[in-house]
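Structure first, commentary second.
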Amino acid sequence: MQKNETKPEANEPDSDRRPRRVRLPGFLIEEEVGLGDVIKRATYAMGIQPCGGCQKRAAALNKWMTFTR
């Protein structure tokens, strides 16, 4: 690395970054599902009502990790 180059900050959002993909067996899921959607479904099943913050959090988690076949 040269002196004039800067290291990317760990806290900087990277807009062109693709989500991490976790492969699951085909019999578990039919389509891609984000981590935020999984948490949203689980909390809804327990009776927790979603709010505006929950929607933003789910969107951020979906950008971070997805489960695929």
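The C-beta contact set for the range 52-69 (first residue closer than 15 Å to ARG41 by Cβ and in contact (Cβ under 8 Å) with a residue 12 or more places away in the chain, second residue among the small types (Gly, Ala, Ser) and assigned to a helix (DSSP H, G or I), distance under 8 angstrom, 6+ apart or interchain) comprises ARG57/GLY36; ALA58/GLY36; ALA59/GLY36; LEU61/GLY36; ASN62/GLY36. Checking the structure you have, find out if any residue of the range 60-68 is at pLDDT below 90 and part of a loop (DSSP other than H, G, I, E, B). Checking the range 60-68: not a single residue is at pLDDT below 90 and part of a loop (DSSP other than H, G, I, E, B).
Filtering the range 2-17 for residues that are loosely packed, with under 10 Cβ neighbours inside 10 Å, at pLDDT 75 or above and assigned to a loop (DSSP other than H, G, I, E, B) leaves a non-empty set. Evaluate the following for THR43: is it surrounded by 10 or more Cβ atoms within 10 Å (Cβ to Cβ), among the polar types (S, T, N, Q), touching a strand residue (DSSP E or B) at 6+ places or on another chain (Cβ under 9 Å) and modelled with pLDDT of 80 or more? For THR43, the condition - surrounded by 10 or more Cβ atoms within 10 Å (Cβ to Cβ), among the polar types (S, T, N, Q), touching a strand residue (DSSP E or B) at 6+ places or on another chain (Cβ under 9 Å) and modelled with pLDDT of 80 or more - is not met.
The values are calculated or read from the model by the stated rules, or taken from the named source; none is laboratory data. On a predicted model such as this, the values are computed, not experimentally measured, just so you know. Glycine gets a Cβ as well: all are built from the backbone with ideal geometry, and neighbour counts include every protein chain shown.
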